[in-house]
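Step one of this worksheet: look at the structure below.
The values are calculated or read from the model by the stated rules, or taken from the named source; none is laboratory data. Bear in mind the structure is a predicted one, so any value in this text is a computation, not a measurement. Positions of Cβ are generated from backbone atoms using ideal geometry, with glycine treated the same way; all protein chains shown enter the neighbour counts. Protein only, heavy atoms only, side chains kept; ligands, DNA and RNA dropped before computing areas. Shrake-Rupley method; radii C 1.70, N 1.55, O 1.52, S 1.80 Å.
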Amino acid sequence: MRPKTANIIRMIVDVLLTVLLLFLMAFQVTGDVLHEWLGIGMTAALLLHHILNRSWYRSVFRGKYTPYRIAVTVVNTLMLVSIVLTAISGMAMSSHAVPFMYGLMKVMTAQTLHLGMSHWSFILMGIHIGLHMKAMTAKLPPKGKTAFRAILTAIAGAGLWRLTKSGIISYITFQAHFAFLDYSAPKWLIILENLSMLLFFVLAGYVLSEATRKNKDKRYSAKPLVWLVCAVIAGIVLHFAL
């Protein structure tokens, strides 16, 4: 396969994964049956994603590990574990897509594990996207990059506000057995809220990427932290204001 063709396929798969993720985190939009089939589609797309990026696995034990490479490796490893556990626990509760796997583990255990690991997957996937955001925006002009960072920071601030309302802490600490969902909100708004929350973690990954890379003066810059601090402040203000 030609490199250009492979890059286009990778981009399509990455966009598909992001869209699937947003809908999978919106159970009140999809309902039970579609949620299960979207989960199967997500699993298949992830397998394709890893096949297309198999060169990363071949290089894991080669070369020097810089701070940035360590960050990417840790996030990728944790994300892979969380996604696998999310898929297994989801299939263990399946009544439609793969009913023959129902009861693979105790249903209550599967519910708690699925809820927690799906949110960890959401967080880590956002950070994963952010770690590669520098390459995605490399061709933007300086003013374009500034505008992109400003927009990302603003939306991430709104995303943090929504995170404070979502009960995510109880999910990722495995204290909740069930998700508390708002079925009265418009479906399009739920997807946009999920996108804003994802972009908060994308911003965190983007900042981590910038903070672990040396600049032209062979120094690490703390300036990117300003974007994250601004997003956190915006989220706190919205939390207490609304």
Subject >> Charge dipole of segment 1-83 about the Cα centre (unit charges at C-beta), most positive-ward option of 46, 33, 5 >> reply: 5
Original post:
If you take the charge dipole of segment 122-242 about its Cα centre, with +1 on Lys and Arg Cβ and -1 on Asp and Glu Cβ, which of 161, 229, 184 is farthest toward its positive end?
Top reply: 229
Original post:
Accessible area of residue 18, 1.4 Å probe, to the nearest 10 Å²?
Top reply: 40 Å²
Original post:
Where does helix 27-52 land angle-wise versus the long Cα axis of the chain, in degrees 0 to 90, nearest 10?
Top reply: 50 degrees
Original post:
How many percent of the accessible area of segment 1-139 is carbon or sulfur, using a 1.4 Å probe?
Top reply: 73 percent
**OP:** Compute the signed sum of charges (Lys and Arg +1, Asp and Glu -1) over the other residues within less than 12 Å, Cβ to Cβ, of residue 189.
**Re:** 0
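Calculate, in whole percent, how much of the Cα-Cα pair population of the chain lies beyond 29 Å. Write down the numbers at each step before the final one.
Values: 9610 of 29161 pairs.
Counting pairs separated by more than 29 Å, the tail of P(r) holds 33 percent.
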Original post:
Where does helix 3-24 land angle-wise versus the long Cα axis of the chain, in degrees 0 to 90, nearest 10?
Top reply: 50 degrees
Original post:
Stretched out fully, how many nm does the piece from residue 11 to residue 107 gain, at 0.36 nm a residue minus the Cα gap?
Top reply: 30.9 nm
**OP:** Would you tell me the accessible area of residue 38, worked out with a 1.4 angstrom probe on the heavy atoms of the protein chains, in Å² to the nearest 10?
**Re:** 30 Å²
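If you average 1/r over all unlike Cα pairs in segment 153-203 and invert the result, what Kirkwood radius do you get in angstrom? Numbers along the way, then the final one.
Working: mean 1/r = 0.0865 Å⁻¹.
With all distinct Cα pairs of segment 153-203 included, I get 11.6 Å.
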**OP:** Treat every Asp and Glu Cβ in the chain as -1 and every Lys and Arg Cβ as +1, leave all other atoms uncharged, and give the resulting dipole magnitude about the Cα centre to the nearest 20 debye.
**Re:** 1540 debye
**OP:** Enumerate by residue number the chymotrypsin sites (Phe, Trp or Tyr not before Pro) in segment 129-220 meeting two conditions: DSSP loop (anything except H, G, I, E, B), and at most 10 other Cβ atoms within 10 Å of the site's Cβ.
**Re:** 178, 180, 183
Original post:
Relative contact order for the chain: what is it in percent, counting Cα pairs under 8 Å that are at least 6 residues apart?
Top reply: 22 percent
Original post:
How much of residue 213 can a 1.4 Å solvent probe reach, expressed as accessible area in Å² and rounded to 10?
Top reply: 80 Å²
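Over segment 1-82, what per residue volume does the convex hull of the Cα atoms give, in whole Å³?
Values: hull volume 9.4 nm³, N = 82.
Cα-based convex hull of segment 1-82, divided per residue, equals 115 Å³.
Report the full-extension gain for the segment residue 233 to residue 60: residue separation times 0.36 nm, less the Cα-Cα distance, to one decimal in nm.
Numbers: separation 173, 0.36 × 173 = 62.28 nm, distance 3.73 nm.
Here the segment from residue 233 to residue 60 would lengthen by 58.6 nm.
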Original post:
Counting Lys +1, Arg +1, Asp -1, Glu -1, what net charge surrounds residue 241 among other residues with beta carbon under 14 Å of its beta carbon?
Top reply: +2
**OP:** Can you grab the distance from the C-alpha centre of segment 160-178 to the C-alpha centre of segment 1-40, Å, no decimals?
**Re:** 23 Å
**OP:** Report, in degrees rounded to the nearest 10, the 0 to 90 angle that the Cα long axis of helix 107-131 makes with the longest principal axis of the chain.
**Re:** 20 degrees
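How many Å² of accessible area per residue for the chain, probe 1.4 Å?
On the way: 14090 Å² over 242 residues.
It amounts to 58 Å² per residue over the chain.
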**OP:** Give me the net charge of residue 167's neighbourhood, meaning all other residues with Cβ under 15 Å from the Cβ of residue 167; Lys, Arg count +1, Asp, Glu -1.
**Re:** 0
Original post:
How large is log10 I(q)/I(0) at q = 0.13 Å⁻¹ when the Debye formula is applied to the Cα atoms of segment 161-241, each weighted equally and without solvent?
Top reply: -0.56
